Amino acid sequence: DRHHTIVIVGGGAAGISVASSLHKRDRRLDIAILEPSATHHYQPGWTMVGGGVFQPEVTSRPMSQVMPGFVSWYQQAVSGVMPEQNQVRLADGSSISYQALVLAPWLELNWSAIDGLESALGDNGVTSNYRQGMAQYTWQTVQALKKGRALFSQPPMPIKCAGAPQKAMYLSSDHWRRNGVLGQLDIQFHNAGAVLFGVPAYVPALQEYIDKYGIQVNFQSNLVAVNGPARKATFRLTEAEGNSQDRELDFDMLHAVPPQRAPGFIRESVLANDGGWLNLADDTLQHKTFANIFGLGDVSGTGNAKTAAAVRKQAPVVAENLIASLRNQPLPAAYLGYGSCPLTVENGRIVLAEFGYNGVLQPSFPQWVNDGTKATRAAWWLKAKQLPTLYWHGMLKGREWLAGPAVREHH
Ligand code: FAD
């Protein structure tokens, strides 16, 4: 039977970062990562690929390059957790036992919840920046489109990077504006939710761009079916009385985003909260039932924005608290819910939304450097030129000066 002191499930943004943060604190720790994929993806770059700003190659690296040398890497998926036995089950039927477990698998993109979508992707103008390898097709479609109707959908919350469905729309619209075809296009945003953005402080800046691009906004309009060859999309509209009504629209381009949920082995287990997400304490990121289990990243049921930016603040908190728990000490670190969503409103400007639990603004910069509630060039420069490097060489390597002071805020 195989055993490791710390087993981490997932070698994405969260799994690799937390391994590095643990190792920084104690170089003798025996850490294993369970990660089936041969490639690590920098998903925040996919928006930029879809907008023709990044080349697709810069958004991925071989997992073997990203995986720290000090971990034991099992290239296998986890199929179940047995928290009472301190074991995880692997896809091949074998198991590994642990003293402490960190759960950082992603979330599941539920493509099949939208009838016909998955098979329609990549043809007839149907695309999604949420699909690995598909952002390039978004950019090709945008460039080819000179007239007609472009639809952009946003599913019910929570989703990873809540602003990304709109980012695709703004960058596309900006391209059409620069090429003088905006007037020939009917651009529509169909949002299953009732507001443009969950934190009101950022809405005015976004609304300005909605007006500037002439985008028609539809709230409580949820994409439920796609027919690629016929180029038809069906939206379910929820009315005030709770009644719903289906509406079919023709399109020339459709950027679709599927509803999202925790992977089945979490969602359908004792580890989940009522919503099916990993049941963690908001501040310590310790599991609410099993004290030797921690978690972070998109799978987490904490109410933060599901972003890599959140992971940057969460990883040191998990590392600090997990090591304390191994030593039977009180948990010293707290996460305040930070997450960030750089809203690419045009090529060259970003509204840098940064906020914590309950929508409390948590800007990283003083207002004279960058006002997060406005579209700024400084924020674009940060996203386009700095953040990818900070991701690969800072966050994934456990260089925590990037994480700021949250980890020091004891409770
Ligand atoms: P991931 O990075 O997705 O990694 C999860 C890993 O777990 C994967 O490697 C996977 O192979 C592995 N795994 C899955 N299942 C299993 C299993 N059963 N067993 C073992 N391993 C498993 N964030 C930002 O901060 N800023 C942005 O601008 C931004 N824009 C985005 C735009 C798009 C289009 C998308 C899709 C995401 C964006 N994000 C952004 C969100 C960001 O990518 C995620 O929040 C972040 O990657 C979460 O890290 P994670 O480790 O939880 O999940």
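Going by the structure shown, is residue 96 farther than 25 Å from residue 302 by Cα and not assigned by TED's automatic domain parsing to the domain that holds residue 322? Let's see the steps before the verdict.
Values: farther than 25 Å from residue 302 by Cα: yes; not assigned by TED's automatic domain parsing to the domain that holds residue 322: no.
Spelling it out, it is not the case that residue 96 is farther than 25 Å from residue 302 by Cα and not assigned by TED's automatic domain parsing to the domain that holds residue 322.
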### Task
Identify the residue in the stretch 277-291 that is surrounded by fewer than 23 Cβ atoms within 10 Å (Cβ to Cβ) and among the aliphatic types (A, V, I, L, M) and, among all such residues, is farthest from residue 110 (Cα to Cα).
291
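Among 379, 353, which is surrounded by 17 or more Cβ atoms within 10 Å (Cβ to Cβ), among the small types (Gly, Ala, Ser), within 12 Å of the ligand (Cβ to nearest atom) and not in a helix (DSSP H, G or I)?
Numbers: 379 fails: not in a helix (DSSP H, G or I).
Selected residue: 353, the only one of 379, 353 that is surrounded by 17 or more Cβ atoms within 10 Å (Cβ to Cβ), among the small types (Gly, Ala, Ser), within 12 Å of the ligand (Cβ to nearest atom) and not in a helix (DSSP H, G or I).
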### Residue tally, condition within 9 Å of the ligand (Cβ to nearest atom) and part of a helix (DSSP H, G or I), over the stretch 300-313
5
### Message
Name the single residue that is nearest to the ligand (Cβ to nearest atom) among those in the stretch 321-345 being surrounded by fewer than 22 Cβ atoms within 10 Å (Cβ to Cβ) and not aliphatic (A, V, I, L, M).
### Response
325
### Query
Say we look at the stretch 52-91 and pick out the residues that are within 11 Å of the ligand (Cβ to nearest atom), at pLDDT 95 or above and not in a strand (DSSP E or B); which of these is nearest to the chain's Cα centre (by Cα)?
59
### Message
Tell me the residue from 10, 80, 15, 52 that is within 29 Å of residue 384 (Cα to Cα) and touching a strand residue (DSSP E or B) at 6+ places or on another chain (Cβ under 6 Å), please.
### Response
15
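With the structure loaded, tell me whether residue 109 is buried (at least 20 other Cβ atoms within 10 Å of the Cβ) and over 30 Å from residue 235 (Cβ atoms) or whether it fails that test. Before the answer, list the steps.
Working: buried (at least 20 other Cβ atoms within 10 Å of the Cβ): yes; over 30 Å from residue 235 (Cβ atoms): no.
So residue 109 fails the test.
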### Task
Write out, first by first residue and then by second, each pair whose Cβ atoms fall under 8 Å of each other, whose residues are 6+ apart or on separate chains, and whose first residue, in the stretch 101-117, is among the β-branched types (Val, Ile, Thr) while the second is within 14 Å of the ligand (Cβ to nearest atom) and assigned to a helix (DSSP H, G or I).
102/15; 102/18; 102/318
### Residues of the stretch 173-230 satisfying the condition of being aliphatic (A, V, I, L, M), touching a helix residue (DSSP H, G or I) at 6+ places or on another chain (Cβ under 6 Å) and part of a loop (DSSP other than H, G, I, E, B)
196, 199
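The values are calculated or read from the model by the stated rules, or taken from the named source; none is laboratory data. Everything quoted here is computed from the prediction, not taken from an experiment. Note that we place each Cβ from the backbone using ideal geometry, even for glycine, and neighbour counts take in every protein chain shown.
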